[in-house]
1. Return the pair list, or none, for Cβ contacts closer than 9 Å from residues in the range 226-242 that are farther than 24 Å from LEU49 by Cα to residues that are hydroxyl-bearing (Ser, Thr, Tyr) and assigned to a helix (DSSP H, G or I), at least 6 apart or on different chains.
2. Given (1) touching a strand residue (DSSP E or B) at 6+ places or on another chain (Cβ under 6 Å); (2) at pLDDT 85 or above, identify the lone condition not met by ASP36.
3. Determine whether the range 201-211 contains at least one residue that is out of contact with any Leu (no Cβ under 6 Å at 6 or more places or on another chain) and of a type in the set (Asp, Glu).
4. Out of the residues in the range 217-241 meeting the condition of being in contact with a Leu (Cβ under 8 Å, 6 or more places away or on another chain) and among the hydroxyl-bearing types (Ser, Thr, Tyr), tell me which one is nearest to PHE194 (Cα to Cα).
5. Output the residues belonging to the range 39-52 that are in contact (Cβ under 8 Å) with a residue 24 or more places away in the chain, more than 23 Å from ARG254 (Cβ to Cβ) and in a loop (DSSP other than H, G, I, E, B).
6. Output the residues belonging to the range 3-59 that are among the polar types (S, T, N, Q) and out of contact with any Lys or Arg (no Cβ under 8 Å at 6 or more places or on another chain).
Amino acid sequence: MGRVIVSTGRGGAGKSTFAALASSYLRPPKLLIDLDPDESLANMLGIDLSEKGKKTISGALHDILHENKTVGRTGYNLLSNILPSLIQRDCLYRGPGLDLITLGTKFTVGCYCAPDAVLKDLIPTLAKDYEEILIDSPAGLEHFNRKVVMDIDDLFIILDPSEKSIKHIARVTAITKELKVSYKHLYLLGNYRFTNDTEEYVQNFGEAYLGKIEYDSNVRQYNLEGKTLFKLPEDSPASLSVKGILVKAGYEIRDRE
């Protein structure tokens, strides 16, 4: 089974940016899973899923239930025989350097229960085919409550320099313990707004602080233009800082293509 990596944190901290930049250094075969309803990860990777004919998990489930009126909204177990082929055919994007699955927007008003349940069941099976499985989480802690991923190898908490973000560390450790979500390593990362004083403060928390994602004006510009972050210059401060963070975490780094 491949290594399961989760990027989590508060909204706007830089989770998707870290996931996108980190994925460029991970060994293939690798799978990226976007649990964020904003679906920004595909854009950062330069992948237009609609153009590729791929659906989100939520979208695919909606279509299946709409086409098959006999299946109730609570009867998702009845779909078990077709779910593997559904994922392979309709949802799993296979690219030259990585594969990608996205959760999508809410399946029903206020609820991600069904698509979360599908991913929870599928991740252990999919993980067998990949060296690395990198999961970009939605903001907050709800994905832990849903127990989408129970066994994590490396849990990266992306922080901004705010009191709420600092308190988020304790909330993550508390809820994972309460829900029996396991992880082998917990790493703290600062986003580009971290100052030296903030870094010094976080280093005293007892968890492994690996550094910050350096400011890079190109990241914002590429996102605005819809360009993949894989095309950032080789000397990109953001990209190189993420590379250094992965090295500190013990990753075997591959060269960017």
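1. PRO233/SER239; ALA238/THR17; VAL242/THR17
2. (2)
3. No, the range 201-211 has no match at all.
4. Here the residue is SER239.
5. Scanning the range 39-52 gives GLU39, LEU49, LYS52.
6. Residues of the range 3-59 that are among the polar types (S, T, N, Q), as a first pass: 7-8, 16-17, 23-24, 40, 43, 50, 56, 58.
Within the range 3-59, SER16, THR17, SER40, ASN43, SER50, THR56 meet the criteria.
Yes/no per residue for (1) touching a helix residue (DSSP H, G or I) at 6+ places or on another chain (Cβ under 7 Å); (2) under 22 Å from SER241 (Cα atoms); (3) of a type in the set (A, V, I, L, M, F, W, C):
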residue: GLY2; (1), (2), (3): yes, no, no
residue: THR17; (1), (2), (3): yes, yes, no
residue: SER24; (1), (2), (3): yes, yes, no
residue: LEU35; (1), (2), (3): yes, no, yes
residue: GLU39; (1), (2), (3): no, no, no
residue: ILE47; (1), (2), (3): no, no, yes
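Quick grid of which residues meet (1) surrounded by fewer than 17 Cβ atoms within 10 Å (Cβ to Cβ); (2) free of Cβ contacts under 8 Å to residues at least 60 places away in the same chain; (3) within 19 Å of the chain's Cα centre (by Cα):
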residue: LYS184; (1), (2), (3): yes, yes, yes
residue: LEU189; (1), (2), (3): no, no, yes
residue: ARG193; (1), (2), (3): yes, yes, no
residue: THR198; (1), (2), (3): no, yes, no
residue: TYR201; (1), (2), (3): yes, yes, no
residue: GLY206; (1), (2), (3): yes, yes, no
residue: LEU210; (1), (2), (3): no, yes, yes
residue: TYR215; (1), (2), (3): yes, yes, no
residue: LEU224; (1), (2), (3): yes, yes, no
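The values are calculated or read from the model by the stated rules, or taken from the named source; none is laboratory data. Nothing here was measured: the structure is a model prediction, and the numbers come from that model. Note: ideal-geometry Cβ built from the backbone for every residue, glycine included; neighbour counts use all protein chains shown.
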